[in-house]
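The values are calculated or read from the model by the stated rules, or taken from the named source; none is laboratory data. Since this is a predicted model, take the numbers as computed values, not measurements. Cβ placement follows ideal geometry from the backbone for every residue including glycine, while neighbour counts extend to all protein chains displayed. Side chains included, ligands, DNA and RNA excluded: accessible areas come from the protein's heavy atoms. Shrake-Rupley method; radii C 1.70, N 1.55, O 1.52, S 1.80 Å.
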Amino acid sequence: MTHPLPCRLTTKDYAVLETMLERSLEPAGDLATLLRRKLAGADIRLNADIPADVVTINSRVLFQVDDAPATTRIVAQTPVDGVVGLLLPITTMRGLALLGLAEGES
């Protein structure tokens, strides 16, 4: 059994994740599993009550994976054609994993 992931989500971000889960083409897939864990552990807040260091949709984030150089992206709801390399969609595992985390959390 997997445990919920504690994270802070805006009411809008929570609604977006619920919709993503409802529309999931692979309900047993890794992305759907992560969606369920995020939703189960969500601390839902109004946008104004989310600390500035918490990742929300449309946040600009600087992150690092393992020993790779840090990179900056904008966490986005969906990929946008023509903006390759600037966005990190929440439809990817990395984008979804960052959503709701604060600086220093992993």
| Taking H as built 1.01 Å from N, whose amide H comes closer than 5 Å to the amide H of ILE50, not counting residues under 5 places away? | none
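Using a probe of 1.4 angstrom, how much of the accessible area of the chain is carbon and sulfur, in percent? Mind showing how you got there, number by number?
Numbers: 3620 of 6780 Å².
Result for the chain: 53 percent of the exposed heavy-atom area is carbon or sulfur.
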| Most mobile listed residue (PRO79, PRO51, PRO69) in the chain, GNM with C-alpha springs under 10 Å | PRO69
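When DSSP assigns beta bridges and you keep just the ones with both residues in the chain, what percent turn out antiparallel, to the nearest 5?
The antiparallel proportion sits near 40 percent.
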| query | Going highest first, how would you order 97-105, 57-65 by mean Cβ packing within 10 Å? | reply | 97-105, 57-65
| task | Please list, in chain and number order, the residues 5+ apart from ILE44 or on another chain whose amide H is under 5 Å from its amide H, with Hs placed from the backbone. | result | LEU9
| For the chain, what is the calculated [θ] at 222 nm in deg cm²/dmol (nearest 500), taking -39500 (n - 2.57) for each run of four or more DSSP H residues and dividing by its residue count? | -8000 deg cm²/dmol
| task | Please give the per residue accessible area of the chain, computed with a probe of 1.4 Å over protein heavy atoms only, in Å². | result | 64 Å²
| field | In Hz, Karplus ³J(HN,Hα) per residue of segment 43-55 (6.51, -1.76, 1.60; θ = phi - 60°; x = Gly, Pro) | value | 9, 7, 9, 5, 3, 5, 9, 8, x, 5, 8, 9, 6
| When N is the residue count of the chain, what does its C-alpha Rg come to as a fraction of 2.2 N^0.38 Å? | 1.03
| message | I need the trypsin sites (Lys or Arg not before Pro) found in segment 6-54, filtered to DSSP loop residues with at most 10 other beta carbons within 10 Å of theirs. | response | ARG23
| query | Taking amide hydrogens as modeled 1.01 Å from N in the peptide plane, which residues meet the under 5 Å criterion relative to SER59, leaving out close sequence neighbours? | reply | VAL75
| remark: In order over segment 58-63: 3J(HN,Hα) from phi, Karplus 6.51/-1.76/1.60, θ = phi - 60°, whole Hz, x for each Gly or Pro, gives 6, 6, 8, 10, 10, 9
| task | Please work out how much length the chain gains when fully extended from ALA70 to ALA102, using 0.36 nm per residue of separation minus the C-alpha to C-alpha distance, in nm with one decimal. | result | 9.9 nm
| Under a point-charge model restricted to the Cβ atoms of Lys and Arg (+1) and Asp and Glu (-1), what is the dipole moment magnitude of segment 1-97 relative to its Cα centre, in debye to the nearest 20? | 140 debye
